[in-house]
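Report on the structure given below.
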């Protein structure tokens, strides 16, 4: 596809997709959202890029999707481990911070969400690039 | 720290590691290490279960009907033990039979995810979670069966995939209806509801859907067509693994569901299941006798012997259930072993076709010994495992007056013997039909023979240790038919809570 | 609403079954997708329909009528799994088409015939 408008728009849309995906990911703790849906949104950025520049070129250029998958799976595994050692397996373990008046709650479920986010990006890239080869 | 989740965590760790590893030199030893650790873990769990009888983990600390429960009871423990033994020996076997292209397309990652799914299916106590593990098994097996991408493999893979997908959809629909009627998917809770509530006979629609789903997975008679169409296409390592693990997960699920909470209308289910069992045994055995390709013979055998396991469920006395499960673990070991041997025969003779094989007794006596152990075990000769398994089953059948079923079981035993002897005669005993000198001097390496030796020893131990195993399995069977311990262990304080939908 | 949804599920199942029985591979895949969606709707329906109520407990912790969240969780899981499976199916059939040049399910006879 060779459209100049889309080509320029894509640069900004890409950022928009990723930022929106991350927002949905962060929102997912207490409201609708989360890793899966956020990951799908963020992976739209790559899909868009692939549509414009040709999936074959994109596949060779982009970060290996195996890396995303491995990273995501490792994060998921990491999120299970604190529960495994500190109590019930897969139990959410929470750490409370307050940074400059902001109350931050970081816990192992968040790690899990980020893992899912990465896996979804990796998998949908893999799907898109391998199917568009045919 | 709770050990119950370890059979899931350990393969997951190795799965993650193998996403990054693509070369054989690091991959194979690491895989063997991983499966070795898993086998040690399952031995430890089995040892624990001998004393504790049942171990329960409420995942994430959510109490039973609300969260997912992992349960290792006596059935799960023994299934874990055997399936991890098989996975370990297949991993050793894979050193020389899996080429570097397969490792580069992440053979070991999918191997670990398959075992992850199998372990998960054995220890979960939640019906929907079982569906998820089934899908984990299914997706990794799709990839494994088409790995290599020859035309035959793609074709076999399509058949395998299509029918198994249908099975999953039936399972899912059954779960939906079950949830609609009872408001829970926790197996222990379901068992409790079914035993308290007189209207629970309404579960029959779900039961039929479950039967079709598990029947497809277990390759029962009218639903078995995917198995012989696909099992002879992939790499022999994959076939051996599938023959040992996949169909048995379906049988395990049948045993679990039909003892725990599908307990109404036994007359109908008895008649139906006994017919299915008879046809499964006969069709598998008869079809195996007309083929001359080793892997096809063995694939039809897988089907025929599923019938025996189903027979244990039909009889439904403690002895019957014990015999069914005993037959299942014996069959997993011996059947995997025969597939491993068929790969070795191919390596020496260059073909799976029994018309062209021969002369192995003279050139490779060790291989002949390794073959005769699982062959006799499958045919049911003492002192190997098959004799005691069949004896228990047939005894329970006669005691409970299932004469037709039992007679067919005895007849099918002869068919099994016929096929095993056919392979023995054509591949080992007779002289090689054509002078293929180049092949017969192929030396088999120790790592190719070792897995068969391990599984052969497994068959012998299972046979010689029959008193121990029958005691263990009988106690297990009693606990399965009267699952009060199971319910109590899972539901705990909420024992009196029965939450039916208004 | 229940009745409408039930009729819809019936239509989807019959359409899916019809498509699955066709000889063309592409229709077959579409049939699989429709069947899996029908199953998801079946779970949704049999979980019980509650209109206009959230699946969360509100801040007062007061709950009288609320939508049962677990069928939705089940469906979400099933959808994700179905997503992966459909993609795998497509890739497998695309590969098969490339190797054999055929879009006809009746050409899949090779592994069934004895002694091929």
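Given R₀ = 30 Å, FRET efficiency for residue C:104-residue B:457 by Cβ-Cβ distance, to 0.05? It would help to have the intermediate numbers written out before the result.
Details: r = 49 Å, r/R0 = 1.63.
According to the calculation, E is roughly 0.05.
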Principal-axis tilt of helix B:107-123 within chain B, Cα atoms, nearest 10 degrees
40
For the Cα atoms of chain B, what angle does the longest principal axis make with the long axis of helix B:6-20, in degrees from 0 to 90, nearest 10?
50
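Pull out the extension gain between residue B:317 and residue B:204, defined as 0.36 nm times the separation in residues minus the alpha carbon to alpha carbon distance; nm, one decimal. If you can, show how the numbers build up before the last one.
On the way: separation 113, 0.36 × 113 = 40.68 nm, distance 2.19 nm.
Extra length available between residue B:317 and residue B:204 comes to 38.5 nm.
So what is the calculated 222 nm ellipticity per residue for chain C, using -39500 (n - 2.57) for each DSSP H run with n of 4 or more, over all residues, to the nearest 500 deg cm²/dmol? Spell out each step's value before the answer.
Working: 3 runs with 73 residues, N = 116.
For chain C, the value works out to -22000 deg cm²/dmol.
Report the semi-axes of the equivalent ellipsoid for segment B:180-303 in whole Å, largest first, where each axis is √(5λ) for an eigenvalue λ of the Cα gyration tensor. It would help to have the intermediate numbers written out before the result.
Working: eigenvalues 222, 50, 18 Å².
Each semi-axis is the square root of five times an eigenvalue, giving 33, 16, 9 Å.
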Inter-label distance for residue B:430 and residue A:86, nm, one decimal - labels placed 7 Å from Cα along Cα-to-Cβ:
7.0
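From other protein chains only, count the Cβ atoms within 10 Å of every residue's Cβ in B:9-22, then give the mean. Please report the intermediate quantities before stating the final value.
Working: counts 6, 0, 0, 4, 5, 0, 3, 10, 4, 1, 10, 7, 1, 1.
For peptide B:9-22, the averaged partner shielding equals 4.
Run the numbers on chain B and let me know its relative contact order in percent, using alpha-carbon pairs under 8 Å that are six or more apart.
Values: 811 pairs, mean separation 83.6, N = 502.
The normalised contact order for chain B reaches 17 percent.
Any chance you could list the semi-axes, whole Å, largest first, of the equivalent ellipsoid that the Cα gyration tensor gives for segment B:45-137, using √(5λ)?
29, 17, 8
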note: chain B, Cα-Cα separations exceeding 31 Å make up a percent value of 40
Testing the spin-label approximation: label points 7 Å from Cα along Cα→Cβ at residue B:264 and residue B:3. State their distance in nm.
4.0
A chain fully extended from residue B:443 to residue B:482 at 0.36 nm per residue, minus the present Cα-Cα distance, gains in nm 8.7 nm
Working note, segment B:328-379: Cα radius of gyration (Å, one decimal) and Dmax (Å, whole number) are 11.3, 33
Under 16 Å from a point placed 7 Å out from the Cα of residue C:27 along the Cα-to-Cβ direction: which residues of segment C:1-21 have their backbone N that close?
C:14-21
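Given N residues in chain C, what is Rg(Cα) / (2.2 N^0.38 Å)? Each step should come with its number before you reach the end.
On the way: Rg = 19.9 Å, N = 116, 2.2 N^0.38 = 13.4 Å.
Its radius of gyration relative to the 2.2 N^0.38 Å reference: 1.49.
When the helices in chain B are scored as -39500 (n - 2.57) per DSSP H run of 4 or longer and the sum is shared across all residues, what 222 nm value do you end up with, to the nearest 500 deg cm²/dmol? Don't skip to the end; give the middle numbers.
Working: 22 runs with 378 residues, N = 502.
My calculation for chain B gives -25500 deg cm²/dmol from helical runs alone.
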How big is the convex hull of the Cα atoms of the protein assembly as shown, per residue, in Å³?
174
Can you give the angle from 0 to 90° between the axis of helix B:151-182 and the longest principal axis of chain B, with both taken from C-alpha atoms, to the nearest 10?
10
Suppose each label sits 7 Å from its Cα in the direction of the beta carbon; what would the residue B:356-residue A:22 distance come out to in nanometres?
6.1
Calculate I(q)/I(0) for segment C:66-111 by the Debye formula, one identical point scatterer on each C-alpha and no solvent, and give its log10 at q = 0.22 Å⁻¹ to two decimals.
-0.78
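None of the figures in this text is laboratory data; all of them are computed from the coordinates on show. If you're wondering where the values come from, they're calculated on a predicted model, not measured in any experiment. Virtual Cβ from ideal backbone geometry, glycine too; neighbours counted across all protein chains shown.
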